[in-house]
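Structure first, then comments.
The values are calculated or read from the model by the stated rules, or taken from the named source; none is laboratory data. All figures in this text were calculated on a predicted structure; none of them were measured in a lab. When the accessible area is computed, the model is the full protein with side chains, heavy atoms only, and any ligands, DNA or RNA have been set aside. Shrake-Rupley method; radii C 1.70, N 1.55, O 1.52, S 1.80 Å.
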Amino acid sequence: MSAPGIRSPPQSTTLSVGKTMRSAVRYYIVSKMLPGGLFASAVRGHWGIENSCHWQLDVTFSEDHCRIRKGHGGVNFSTLRRTALSLLKQEKTAKCGVKNKRLTAGWDDNYMEKVVFNP
C-alpha cells in the first residue's frame, strides 16, 4: 500500500532476554526521510511525550490500577481522565500539583466549578 509523500523506513531492534536474542522490525510512517541520528531523536522525543502523559495519568488518577474491562468502559474512562487532566492543568489559581487539584475539586464544589467552567 502506497500513498504519495508517505514513506516508511524500517527500524531493526535486537533485544537480549537472558540467553535468548530476539530481533524485531518496527515500521514508522513519515513524510520526510531523515538521517539516522535525527530520525532516532524524533522517535525518542515522541515516546518521551507519550510516556510523560501516561506517567501524569497514572500519578493523578492511578490509571494503571484501573480494572474496568466491560464494553467500552475502559475507553470511556480514559477519555474522561484525559479531559479532566487537561482541565486541571489549565486551572492556574491553585499553586499545587495536578493530583492535589483533583482532590481539592472533589472536596470543594466551588473549586470544581472553577476548574470545569473557567477554562
* Structure fact -> SASA check, ASP64, accessible area w/ 1.4 Å probe, all protein chains in place, rounded to nearest 10 Å², comes out at 80
* Structure fact -> For the stretch 60-112, dividing by residue count, accessible area per residue (probe 1.4 Å) in Å² works out to 73
* Structure fact -> In nanometres, the difference between 0.36 nm per residue of separation and the alpha-carbon distance of ARG69 and ARG82 is 2.9 nm
* To do: Can you sort ARG69, ARG26, ARG81 by 1.4 Å-probe accessible area, starting with the largest?
  => ARG69, ARG26, ARG81
* Structure fact -> Once SER86, SER31, SER78 are ranked on solvent-accessible area with the largest value leading and a 1.4 Å probe, the list reads SER31, SER86, SER78
* Given a 1.4 Å probe and the protein chains all in place, what does the accessible area of CYS66 round to, in Å² to the nearest 10? -> 30
